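Asks: Okay, here's the structure, questions in a sec.
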Amino acid sequence: MAVIVILWLILIFVGIRYVNVSDDIIAFDKDSSLALRGICSIEIMLGHIGIAVDSAVLFPNCKAGILFVGVFFALSGYGLMYSMQHKENYLKKFLWNRFPQILLPAYIIYVAGGQLIQLTELLM
């Protein structure tokens, strides 16, 4: 548990950057929100792996997983709303731009997983 806390502190201090007072400050700019979402997604994956292998090291506190999922969804929603308000025709282009990044790999994994299940059923 202490190792996880030390890693978190290192990630927080490495991620902090100096902002000039004269700069236009946005509450969550793209870089910082992507970094925080990335940290949340890593913790969510570690939590799922910890549950699967029944490891208290990877999944020390189940309530922390709920927090990371909430933060991830809140930041994603914030990014979507910000983009809708500041970009023209964002919703029209959203699915078209996301298809190669999200839907296509998900479909490939879905088909490959189905084939793997059928193969294991044939072997049994």
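The values are calculated or read from the model by the stated rules, or taken from the named source; none is laboratory data. Because the structure is predicted, anything quoted here is derived from the model rather than measured. Glycine also receives a Cβ, built like all others from the backbone with ideal geometry; neighbour counts cover every protein chain displayed.
Asks: Quick check, is LYS93 at pLDDT 75 or above and not hydroxyl-bearing (Ser, Thr, Tyr)?
Replies: The answer is yes for LYS93.
Asks: Continuing with this model, one more query. Using beta carbons and a limit of 9 Å, which pairs, at least six apart or on different chains, have the first residue in the range 89-106 and in a helix (DSSP H, G or I) and the second one modelled with pLDDT under 80 and surrounded by 11 or more Cβ atoms within 10 Å (Cβ to Cβ)?
Replies: Close Cβ pairs satisfying both conditions: LEU95/LEU103.
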